[in-house]
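Structure first, then comments.
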Amino acid sequence: MSDNLTLPAQQGSTGTSTEPLLEVRGLTKHFPIYGGFPIKRKVGAVQAVDGVDLTVGVGESVGLVGESGCGKSTTGRLITRLLEPTAGTISYLGQDITHASRKQLAPVRSDIQMIFQDPYSSLNPRQTVGTIIKSPMEVNGIEPEGGREKKVRELLELVGLNPEHYNRFPHEFSGGQRQRIGVARALALNPKLIVADEPVSALDVSIQAQVVNLLQEVQQELGIAFLFIAHDLAIVRHFSQRVAVMYLGKVVEVGDRDAIYNRPRHPYTHALLSAVPEVAIDDETEAKERIRLYGDVPSPISPPSGCRFRTRCWKAQDKCASEEPPLLQISGNRDGHLTACHFPEDPTTEARAEDVILDPALKALEKDAADDTGAKPAKD
Amino acid sequence: MTSPTKAEGSGPAVALDPELAATSEVDKPKTLEGRSPGQLMWQRFRRDRTGMICAGVVIFFFVISLCAPLLTAISGTNPYTLYGQDPTYADSPVLDDFGLPLGYLGGVSGDHWFGVEPQYGRDLFAMLMYGMRTSLYMALGVTVLLMATGVIIGLIGGYFGGRTDYWIGRVTDFFLSFPQQLFFIAFMPVVTAFFVDPREETPTYFRAVAILIVLWLLGWMGMARLVRSTVLSLREREFVEAAKVSGASPWRIVRKEILPNVVSPILVQFTYQLPSTILTIAFLSFAGVGFVEPTPDWGKLFAAGAKYAEQDPAFMFFPGVALVIFILCFNLLGDSVRDAFDPKSGR
Ligand SMILES: Nc1ncnc2c1ncn2[C@@H]1O[C@H](COP(=O)(O)OP(=O)(O)OP(=O)(O)O)[C@@H](O)[C@H]1O
Ligand code: SF4
Ligand SMILES: [Mg+2]
C-alpha cells in the first residue's frame with residue numbers, strides 16, 4: 001500500500017452526460033478493529049471502501065456491481081449518510097454533505113432515499129403499511145394535497161399494491177409485496193435519488209424481474225436517479241444507463257452500459273461478465289469467453305499492494321504489485337469509460353482462443369487433458 | 001397517477017402481475033383491517049386454557065385484595081381488633097386458657113371464617129385480606145417502578161451504544177454485585193433512619209416508601225439488561241435505518257420504531273417479576289425489616305405462623321395456600337403470555 005503511486009482522480013472523470021446530482025470523490029470508510037490485552041486499542045481497520053469516485057446524474061440510473069464483501073453496501077450507506085465517511089467528499093447538487101449533521105441534512109434528507117435488501121427486516125412489524133409509508137412524510141412535515149392518507153393510497157397503487165392494504169401489517173405480505181411497500185416508502189418524499197441496496201437479491205427469482213421492472217418504470221416515469229447495487233451484472237443490465245464495477249473497496253471500471261457489457265477492459269469485468277448467463281444476446285456468437293475465478297475476495301483488512309485484483313488476475317505482472325493502477329480513460333476506451341488496469345484486456349467479449357481457468361484443481365485436470373493432445377495449457 | 005406496473009414492460013414482460021392478481025382477489029370484503037401482532041397474540045392467548053384460568057385467578061386475587069374493606073365488612077371483622085383480649089368480645093371467647101384458638105382448624109367459625117390468631121385472637125380472614133392488599137399493591141408499585149427504570153436505562157444504553165452503553169453497563173454490574181437479600185436486611189434500617197429520627201415512631205407510609213426505594217434501587221438491573229440486548233439487536237434492523245434515512249430524530253426512532261418492539265419482552269418479564277417481588281416483600285416482613293405490627297401484611301403472617309407453628313399449625317394454612325396458588329398461577333400466566341407472544345418457543 002505504501003509504495004504505490006496514487007494519482008489524483010481526474011476532475012469530472014467519472015462524469016455523466018447529464019448534470020451531476022451526486023458526486024462522490026475519494027470516498028473512504030475504514031472500520032477500526034479493536035483488540036489486544038489487557039488494554040483494548042486499535043489494531044487495524046477493515047478498509048471496506050477505499051477511495052471510491054462516482055457520479056450520478058440527474059435522473060440517471062447507475063449500477064454498482066461487485067462481489068460479496070467488496071464494500072457496495074458500505075458505499076450506499078455512506079451516500080445516504082447512515083455511516084460517517086472516514087475520508088473523501090460527498091456532494092449533493094454542489095452542496096457538501098460529507099459530514100453534515102442530522103439537522104444540517106434535513107433539507108437534503110427527503111431527496112436521498114434508500115431501498116433495503118431484506119424485505120423482512122426493513123419494515124417495522126408493529127406498524128401498519130399506512131404508518132410505515134406515512135412516517136417519512138410526518139418526519140419531514142410534508143402535508144401533501146388531499147392529506148397523507150390519500151398520498152399513501154396513491155403510492156400503494158403506484159407500486160402495484162391494493163390501496164385498501166393501508167391498515168394491514170407487514171407479516172400479511174409476501175416478500176415481493178413487502179419490497180413494493182419499501183419502494184412506496186422510499187417514494188413518499190418525492191426523492192431525486194434512490195440508493196437501492198440489492199433490492200431484489202432476497203427475493204425469489206420469479207419475482208425479481210417484477211420488482212426490477214417496477215423500479216425501472218418508477219425511474220423512467222418519475223425521473224428519479226438510481227444507484228442500483230447488485231452483485232452480478234445480469235440484474236443491472238437492463239436497468240442501468242451506466243455501470244460501476246467495484247472490487248475490494250475500489251471502483252475498477254466504470255462506463256456506460258455498452259462499454260461495460262460489450263467493450264469491457266478490466267480483467268475483473270471480464271470475469272464478472274463470463275458469469276452472466278445471458279450476456280451474449282446482442283451478438284450472435286454462441287461461444288463466450290469462460291473465466292472461472294477461484295478463491296474469495298482477499299481480506300479488506302490487509303488488501304494486496306498495487307492492484308487489488310492481482311492475486312486473482314491472470315494478466316498480473318510485477319508492475320501490478322508495485323503500482324496501483326489509476327482509474328483512467330485508457331487508450332481504446334470511449335468517452336466516459338474508465339478502467340483501472342495496467343494491462344487491460346481487449347475491448348471485446350468475443351470467445352477466447354483458450355479458456356482462462358483460475359481454479360487450480362480444474363486447471364490441473366484440464367492441463368492433463370491438454371498435455372495429452374499436445375496443446376498449450378491455459379495461461380496463469 | 002398511472003400505475004407503472006400495468007404499463008409496458010421493457011424487460012421480460014410481466015404484464016399480468018400474478019401477485020397483484022392474487023391480492024386483488026383476496027380483498028373482496030371491503031373491511032381490510034389487518035390484524036396487528038398484538039391482536040394475534042391476544043387471539044393465541046385466548047385459546048390457551050391454562051393461561052386464561054390463571055389470568056382469572058390472578059385478577060381474582062387483585063380484586064379481592066382491593067375489596068378487602070368490603071369483604072371484612074361482610075364478615076364483620078377487622079384486622080386490628082384483639083378478639084381474644086378485648087373485653088367487648090368477652091361473651092364469645094375465641095381463645096382457650098393457653099391462648100390457643102378454640103375449635104378446629106385454628107378456630108374456624110361463622111364469625112371468624114379463617115380462624116383467629118393465637119395469643120391475641122385477631123381475625124385471620126381480615127388479616128389476610130388486608131395483608132394481601134398491602135403486599136400485592138406494594139409489589140405492583142415496586143414492579144412498575146423498576147420496570148420503568150430498567151426500560152429507560154436499557155433503551156438509552158442499547159440505542160446509543162458506545163461509551164454511554166459502556167458506563168451504563170458498569171453501573172449495572174455494580175448494582176448487580178450487591179448480595180441482594182443481605183442488603184435488603186442491612187439497608188432497610190439505614191434508609192429509614194436516614195429520613196426519620198430513630199427516636200420517633202416510623203409512620204407506616206414511610207416504611208412503605210423505604211421498601212419501595214430499596215427494592216427499586218436493587219431491582220432494575222435485570223430489566224435494563226433485557227431491554228438493552230433487545231434494543232441492540234433491533235437497532236441493527238433495516239427499518240431503523242429506513243427511519244434514519246427519512247431524517248427521524250433519535251427520540252422518534254426510540255419511541256415509534258423500537259419501543260413497540262420491546263413491549264412483548266417487557267410484558268413477559270413483568271409477569272415473572274411481579275410474583276418474585278411479592279415474595280421479596282414477604283421475605284422482608286418475615287425477616288422483620290418490612291412492615292411492623294399492627295400493619296397487616298402477607299409476609300408477616302408467615303413470620304407469625306412460624307412462631308405459632310408448633311401449637312397451631314393451622315394458622316399457616318390459609319395464607320400459605322393463598323400464596324402458593326397466587327404465585328403458581330402468576331408464573332403459569334407468565335409462561336402463557338410468553339407462548340402467546342412467541343408461538344415458536346413451544347412447551
Ligand atoms: N459495521 C461494520 N464494522 C466492521 N466491518 C464492517 C462493517 N460493515 C461492513 N464491514 C466490512 O466491510 C466489508 C464490506 O462490507 P459491505 O457490506 O459493504 O459489502 P457488500 O459489498 O455490500 O457485500 P454483500 O454483497 O455481501 O452485501 C466487509 O468485509 C465487511 O465485513
Ligand atoms: S492492474 Fe494488473 S493485476 Fe490489476 S487487473 Fe490489471 S493486469 Fe490484473
Ligand atoms: Mg451488501
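Quick notes
- For the residue pairs A:K250/A:K319; A:K134/B:K256; A:K72/A:K315, the alpha carbons lie more than 22 Å apart in A:K72/A:K315.
- Taking Lys and Arg as +1 and Asp and Glu as -1, the other residues whose beta-carbon sits under 12 Å from that of B:P265 total +2.
- Proximal charge balance of B:L333 [Cβ under 11 Å; K/R count +1, D/E count -1]: -2
- Take every pair of alpha-carbon atoms less than 8 Å apart whose residues are at least six positions apart; their mean separation over the length of region B:269-327 yields a relative contact order of 24 percent.
- Whole-Hz ³J(HN,Hα) from phi, Karplus 6.51 cos²θ - 1.76 cosθ + 1.60, for region B:232-246, glycine and proline x: 4, 6, 5, 4, 7, 5, 6, 5, 5, 5, 4, 5, 5, 4, 7
- Per-residue Karplus couplings for region A:245-256, computed as 6.51 cos²θ - 1.76 cosθ + 1.60 with θ equal to phi - 60°, are listed in order as 9, 10, 9, 6, x, 10, 7, 9, 7, 9, x, 6 Hz, Gly and Pro entered as x.
- Between A:D318 and A:D346, the modelled labels are 2.8 nm apart [label points 7 Å from Cα along Cα→Cβ].
- Listing of region A:213-233 residues, each with accessible area lower by at least 30 Å² in the full protein assembly than in the chain alone (probe 1.4 Å): A:N213, A:E217, A:E221
- For region B:113-210, the fraction of 1.4 Å probe accessible surface lying on carbon and sulfur atoms is 69 percent.
- Relative to one another, the C-alpha centroids of region A:308-327 and region A:198-225 are positioned 35 Å apart.
- Legend: mean number of C-beta atoms from other chains within 10 angstrom of residue C-beta atoms, peptide A:74-82, equals 2.
- Going from the chain on its own to the full set of protein chains, region A:98-118 has these residues losing 40 Å² or more of accessible surface (heavy atoms, 1.4 Å probe, no ligands, DNA or RNA): A:R102, A:R109, A:F116.
- Shielding by other protein chains, B:232-243, mean Cβ within 10 Å: 6
- For region A:110-233: accessible area per residue (Å², 1.4 Å): 30 Å²
- Total formal charge among the other residues, if their Cβ is under 14 angstrom from that of A:A230, Lys/Arg +1 and Asp/Glu -1: 0
- Per residue accessible area of region B:196-347, 1.4 Å probe, in Å²: 44 Å²
- Inter-probe distance in nm under a simple model that places probes 7 Å from Cα toward Cβ, at A:H238 and B:A148: 5.8 nm
- Peptide packing for A:160-168, B:114-122 was compared via the average number of neighbouring C-beta atoms within 10 Å per residue; ordered from the highest value, the list is B:114-122, A:160-168.
- Inter-part distance where region B:147-190 and region B:282-322 are each reduced to a Cα centre, Å: 31 Å
- Close amide H pairs (under 5 Å, H built 1.01 Å from N) link A:Q329 with A:T339, residues at least 5 positions away or on another chain.
- Relative contact order of region A:79-196: 35 percent, from C-alpha pairs under 8 Å at least 6 residues apart in sequence.
- Across region B:54-345, the mean sequence separation of Cα contacts (distance under 8 Å, 6 or more residues apart), normalised by length, yields a relative contact order of 24 percent.
- Area buried, chain B against chain A - accessible surface, total, 1.4 angstrom probe, square angstrom: 4200 Å²
The values are calculated or read from the model by the stated rules, or taken from the named source; none is laboratory data. Worth saying up front: this structure is predicted, and the values here are computed from it rather than measured. A quick note on method: Cβ atoms are made from the backbone with ideal geometry, for glycine too, and the neighbour counts reach across all protein chains shown. To get the accessible areas, we keep the full protein, side chains included, count just its heavy atoms, and leave off ligands, DNA and RNA. Shrake-Rupley method; radii C 1.70, N 1.55, O 1.52, S 1.80 Å.
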